[in-house]
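The values are calculated or read from the model by the stated rules, or taken from the named source; none is laboratory data. Because the structure is a prediction, the values reported are computed rather than measured. Because the Cβ atoms are built from the backbone with ideal geometry, glycine has one as well, and the counts that use them run over all protein chains shown. In case anyone asks, the SASA skips ligands and DNA or RNA and just uses the protein heavy atoms, side chains included. Shrake-Rupley method; radii C 1.70, N 1.55, O 1.52, S 1.80 Å.
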Amino acid sequence: MSFDLIVKGGTLPDGTVADIGIKGDKIAAIEARIEAAAKSVVDASGNLVSQPFVDPHFHMDATLSYGLPRINASGTLLEGISLWGELKPLLTHEAVKERALAYCDWAVSMGLLAIRTHVDTCDDRLLAVEALLEVKKEIAPYIDLQLVAFPQDGLYRSPNARENTIRALDMGVDIVGGIPHFERTMADGTRSMTELCEIAAERGLMVDLHCDETDDPLSRHIEQLAYETQRLGLQGRVAGSHLTSMHSMDNYYVSKLLPLIAEAGVSAIPNPLINIMLQGRHDTYPKRRGMTRVPEMLKAGIRVGWGQDCVLDPWYSLGTADMLDVAFMGLHVAQMSSPADMRRCFDMVTKVNAEIMGLDHLGLAVGKVASLVVLDAGNPIEAVRLRAERLCVVARGKVVAERPKRDTALSIKGRPASINRRHVVPPQVN
Ligand SMILES: [Zn+2]
């Protein structure tokens, strides 16, 4: 057998050293040594080879708009939403598309090859929906893009949002979104969630709601989301994004809530960069972290991924499309410091996020789509520690980004020193 591409000698996340043979857009062989010929070869010896990074929560219609028309002075979610409201009427189809495509180039350079983006459906023109549907088609050869119809200003609170959200789904948007905690009342939030889940059930779609993104311990829409998922038979197709109120909830209530979420098969998508930045802004001290209870959810058997949410937009003034930054922040805020937990944080931004998005074709196995990333790290924990450089990115069998290995020798105050952060060998831990 001959191959189009062989990725040679890389270390897989489980520690196996293997060659990966690619034919067309599929992985055709994973073996200790492949001797067969190939049109091209990527030398990955000494490097970690992983399935690509996946971001299950993003806002591509707002990305790279930082400073337009002004910056978020209070740093709160609510000012971000009103700032986005000022920017929306100024948006053009071309500008949204241009910024989205620029972001997708960043994503590819970071080995981020699947993204779920929410797209605001409150603008009657649905211009961002049209623009991102075009982007989705254009980037399909290298990025899997899922779109969520997202009534940012509230399904009932914003005029026409309900009709526009349905129109967006008719236009081909993949997933039903919502924001129950931003409706006028708790009761409206609950009602919006029921209706959105019913729409998803009727159309056979997935659901991903911005859910309880607040510090209010009484914001309990996640309970209703678990209930509707169960009632409508949507198990495995529903995600609750953020869930930050859980941080502040009564402990007894949470002990009842977590099994309900697990039983309904609802996935959780916390967004550590943005949650640590936006939440707790009304607190003095002690100041709440405002991220949901990740280790506790994992222990209860709930599927949890890490999302990025924002890069350079009304809500977040930093960001680089690097899911290792997301995992790094998540690991710290959730205090997931054991070797198993650190390792899990890497899995969350690769494998688990792909599962949440239903992307069965991704993975390092024969027959899967040949999308992978070669990292300048020896193992997943090191990749998180270093936010390791991406040396080569392969999308659907083609090399789409490459970077030469860096010479790490440098001189300190005239004294030559070899600084290679990878050569810190940690003690053996189980
Ligand atoms: Zn969001």
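Residue pairs whose Cβ atoms lie under 9 Å apart, separated by 6 or more positions or on different chains, with the first residue in region 75-99 and within 10 Å of Ser65 (Cβ to Cβ) and the second buried (at least 20 other Cβ atoms within 10 Å of the Cβ) and β-branched (Val, Ile, Thr), are Val96/Val135; Arg99/Thr63.
Taking the criterion of being out of contact with any helix residue (DSSP H, G or I) (no Cβ under 7 Å at 6 or more places or on another chain) and either within 16 Å of the ligand (Cβ to nearest atom) or open to solvent by less than 50 Å² (accessible area, probe 1.4 Å) (or both), the only residue of region 296-306 that qualifies is Leu298. Looking only at region 177-186, decide whether some residue is within 16 Å of the ligand (Cβ to nearest atom), hydroxyl-bearing (Ser, Thr, Tyr) and under 19 Å from Ile81 (Cα atoms). No, region 177-186 has no match at all.
When restricted to residues that are more than 16 Å from the ligand (Cβ to nearest atom), outside any helix (DSSP H, G or I) and buried (at least 17 other Cβ atoms within 10 Å of the Cβ), region 216-237 contains 4. Does His242 satisfy the condition of being surrounded by 22 or more Cβ atoms within 10 Å (Cβ to Cβ), within 16 Å of the ligand (Cβ to nearest atom) and more than 24 Å from Val349 (Cβ to Cβ)? Against the criterion (surrounded by 22 or more Cβ atoms within 10 Å (Cβ to Cβ), within 16 Å of the ligand (Cβ to nearest atom) and more than 24 Å from Val349 (Cβ to Cβ)), His242 does not qualify. Number of residues in region 255-277 that are within 14 Å of the ligand (Cβ to nearest atom) and open to solvent by less than 10 Å² (accessible area, probe 1.4 Å) equals 7.
The listed residues are Val129, Val135, and the only one of them that is open to solvent by less than 30 Å² (accessible area, probe 1.4 Å), in contact with a Cys (Cβ under 9 Å, 6 or more places away or on another chain) and not small (Gly, Ala, Ser) turns out to be Val135. Can we say Asp174 is assigned by TED's automatic domain parsing to the domain that holds Leu133 and touching a strand residue (DSSP E or B) at 6+ places or on another chain (Cβ under 8 Å)? Yes.
When Asp325 is tested against the conditions (1) of a type in the set (Asp, Glu); (2) open to solvent by 10 Å² or more (accessible area, probe 1.4 Å); (3) under 11 Å from the mean Cα position of the chain (by Cα), the lone failure is (3).
On the stretch given as region 141-151, residues that are within 16 Å of the ligand (Cβ to nearest atom) and in contact with a helix residue (DSSP H, G or I) (Cβ under 7 Å, 6 or more places away or on another chain) total 4.
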